[in-house]
Amino acid sequence: MAIITEEQESDQQQQQQKQKQKQKQQHSNKTKSKTQKPSTTQPQQTNPLSFWFYFTLSISLVTLFFLFTSSPLSSSSPQQWFLTLPTTLRQHYSNGRTIKVQIHPNQQPIHLFTFQLDPTIPNPSETVLILHGQALSSYSYRNLIQSLSTQGVRVIAIDLPGSGFSDKSVEVSVEGLDGIFGRFSYVYSEIKEKGFFWAFDQIVETGQIPYEEVLARMSKRKVNKPIDLGPEEIGKVLGEVIGTLGLAPVHLVLHDSALGFTANWVSENSDLVSSLTLVDTPVPPSNLGAFPIWVLDVPLIREVVLGFPYVFAKVVNFYCSKRIGGLDADAHRVLLKSGDGRKAVVAIGKNLNSSFDLTEWGCSDRLKDMPMQLIWSSDWSEEWSSEGNRVAGALPRAKFVTHSGGRWAQVYS
């Protein structure tokens, strides 16, 4: 019996030892797995060439999209763009001339387009200068100018800065970049200028990514900025045009939003103006021009409006004039789409003077003796007819004449 008991005890001890060894082995395996986990999650070293490849590829795709949706002037030379213009626009440009106006002393002068059919009229009976409203240009008044020129009147219409064939942008010096959007814009401009694979060419030639070269150009560079002028700058433009072309004293015709930009200049330089004619000129508080500039500012809507002639013509017919045909409407669309025309019109339109009092302005000492005429559309809408009566009431000395057209200028030809 004693022998059997000892054998059983020895068997139990062996089993206990085996269980202890098994538990130790499991514990050691767990500790090994815990120590090995950090090594599996260590970040892998990235290849800078692969990063540059995918970054440039993504920017290139975005660039392709903007190249296909951008204006013709930004993707071709001015000569090529001019040849793609409608015949009427090319003829209009051929009959005009460009002058330089200096607005800011520290910036380059702006090239301003002026239009007149016969600048050599001997001893003209009168001299008339026409200023257009927002989203318009001198092209709108070509038929009117032709009609008046046959009567011995010297008539000049100009394209205000940012419109028509005048400069739509200015070159300015900038330093650094504004955040990630500024960097993206710079990379986009670099690709447009140097090509999609410029960075790869530099890597092949030098064996290095051209970071230093890019950063050096980013630190200080010149960029084209859409023209952004207010009433004071527009007044300077008007004064330089009258002085350069020798128009004083001149009969001044202000159409649409032109009054909001030049009212202060007219009152301060009344000695240069023989008479004043206001054509469908909205005044505060509802001094917005006929064309809704918001359609040129809202993304996607602006692409649709400027990208499809039919849509643009419908906008013009609904807001401005029902008598403007598709060809004339498309000419306005082409000029707005060229260069930074859209951006300039939006920026300048937001600076419209909405604070001056029409009654106080018209009855001021400098204007109380100036002949005035108010031409207004009576068939456009009841609201617009009421607006005309309000303006006529604020200018009691002005001769009030109505017409049956729309609010845009071409219907007056």
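In table form, for the structure just shown:
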| item | result |
| --- | --- |
| Strands (runs of 3 or more DSSP E) wholly inside region 61-152 containing at least 2 residues that are basic (Lys, Arg) and modelled with pLDDT of 80 or more | 96-101 |
| Output for region 253-263, where each listed residue is outside any strand (DSSP E or B) and open to solvent by 10 Å² or more (accessible area, probe 1.4 Å) | 261 |
| Filter result for the condition that a residue is surrounded by fewer than 16 Cβ atoms within 10 Å (Cβ to Cβ), of a type in the set (A, V, I, L, M, F, W, C) and farther than 27 Å from residue 90 by Cα, over 266, 273, 298 | 298 |
| Qualifying position, being more than 29 Å from residue 172 (Cα to Cα), open to solvent by less than 10 Å² (accessible area, probe 1.4 Å) and either of a type outside the set (Gly, Ala, Ser) or in the same structural domain as residue 341 (by the TED database) (or both), among 140, 147, 125 | 140 |
| Residue within region 330-347 that is in a helix (DSSP H, G or I), at pLDDT 90 or above and more than 26 Å from residue 170 (Cβ to Cβ) present | yes |
| Residue match in region 398-410 (condition: in a strand (DSSP E or B), more than 30 Å from residue 93 (Cα to Cα) and open to solvent by less than 60 Å² (accessible area, probe 1.4 Å)) | yes |
| Enumeration of residues in region 359-382 that are part of a helix (DSSP H, G or I) and surrounded by fewer than 19 Cβ atoms within 10 Å (Cβ to Cβ) | 359, 360, 361, 382 |
| Filtered residue count, region 122-145, keeping only those that are touching a residue at least 40 places away in the same chain (Cβ under 8 Å) and within 22 Å of residue 324 (Cα to Cα) | 15 |
| Candidates 322, 314, filtered to the one that is surrounded by fewer than 17 Cβ atoms within 10 Å (Cβ to Cβ) and under 17 Å from residue 256 (Cα atoms) | 322 |
| Condition check for residue 323: outside any loop (DSSP other than H, G, I, E, B), among the charged types (D, E, K, R) and at negative phi | no |
| Region 383-397, residues that are open to solvent by less than 20 Å² (accessible area, probe 1.4 Å) and over 25 Å from residue 324 (Cβ atoms) | 394, 395 |
| Residue pairs meeting the criteria (Cβ under 7 Å; at least 6 apart or on separate chains; first in contact (Cβ under 8 Å) with a residue 60 or more places away in the chain and farther than 30 Å from residue 389 by Cα, in region 332-359; second among the hydrophobic types (A, V, I, L, M, F, W, C) and open to solvent by 30 Å² or more (accessible area, probe 1.4 Å)) | 338/73; 339/73 |
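This table checks each residue for (1) surrounded by 14 or more Cβ atoms within 10 Å (Cβ to Cβ); (2) modelled with pLDDT of 60 or more; (3) not in a helix (DSSP H, G or I).
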{"site": "160", "(1), (2), (3)": "yes, yes, yes"}
{"site": "170", "(1), (2), (3)": "yes, yes, yes"}
{"site": "192", "(1), (2), (3)": "yes, no, no"}
{"site": "218", "(1), (2), (3)": "yes, no, no"}
{"site": "228", "(1), (2), (3)": "yes, yes, yes"}
{"site": "237", "(1), (2), (3)": "yes, yes, no"}
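The values are calculated or read from the model by the stated rules, or taken from the named source; none is laboratory data. Keep in mind the model is a prediction, meaning the values are calculated, not measured. Note that each Cβ is placed from the backbone with ideal geometry, even for glycine, and that neighbours are counted across all protein chains shown. Side chains included, ligands, DNA and RNA excluded: accessible areas come from the protein's heavy atoms. Shrake-Rupley method; radii C 1.70, N 1.55, O 1.52, S 1.80 Å.
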